[in-house]
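Each reported figure results from applying straightforward, stated rules to the coordinates on display, with no laboratory input. Note that the structure is a prediction, hence the values are computed from the model and not measured. Ideal geometry is used to build each Cβ from the backbone, glycine not excepted, and the neighbour counts take in all protein chains shown.
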Amino acid sequence: MRKMFWFTAFLLGVALLALCGAAWGDSIENLSGTKHAPGTVYIYSFQVDEFTGLLNPDGSTYIEDILNGSVLTRAASFGCKPCTTTYVNDIFQFLPTESVILAQFGNWDLIGSASGVALRDPVATPEPMTLVLLFAGALWLWALALKPREKPQARAYLGHHAFRKGAQ
């Protein structure tokens, strides 16, 4: 009887640990820091609970991310002194081959994928007119390179020239 009690207690403990592990997620990602943009400061703190290998009724697997956190924005240019964006239990479901944007602030994206969660830094993209000007400049330089040039010819030295001989 005593062995049965300990065996049952052991099984209940293992089941409790399994349930707590499932409730906490397969992995928990904590991201926090500060990002600076011209005239703006972003202070962020995110916690993402990620569940992997979940099954749909049709047998396919999916990933579920639950986002909690906040972004504090300090930008006097558009009136934030400071402004806060809060995320509470935002649920994202996606396939293992996909990646989704969980949150955006400024030019930064919080990306969730099968390999975890990452903050993607902004990529500087030039304005369209800048690209047009660069293309036009490249065409102009190419046209200059194709322009036929005359070979410099040897100049005949006129030794009898008046200025060379010192005559006035």
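Some observations on this one:
- In plain terms, the chain from T86 to A37 could stretch by 15.6 nm, reckoned as 0.36 nm per residue minus the Cα-Cα distance.
- Sum of side-chain charges, I43 neighbourhood, beta-carbon under 12 Å (Lys, Arg +1; Asp, Glu -1): +2
- Length released on extending from R149 to L95, taking residue separation times 0.36 nm less the Cα-Cα span: 13.3 nm
- Efficiency of FRET between L139 and A114 - r from beta-carbon atoms, R0 41 angstrom, step 0.05: 0.40
- Electrostatic tally near F105: other residues with Cβ closer than 13 Å to its Cβ, Lys and Arg +1, Asp and Glu -1, net +1.
- Descending by average beta-carbon neighbour count within 10 Å, the peptides 111-120, 40-49 line up as 40-49, 111-120, the highest first.
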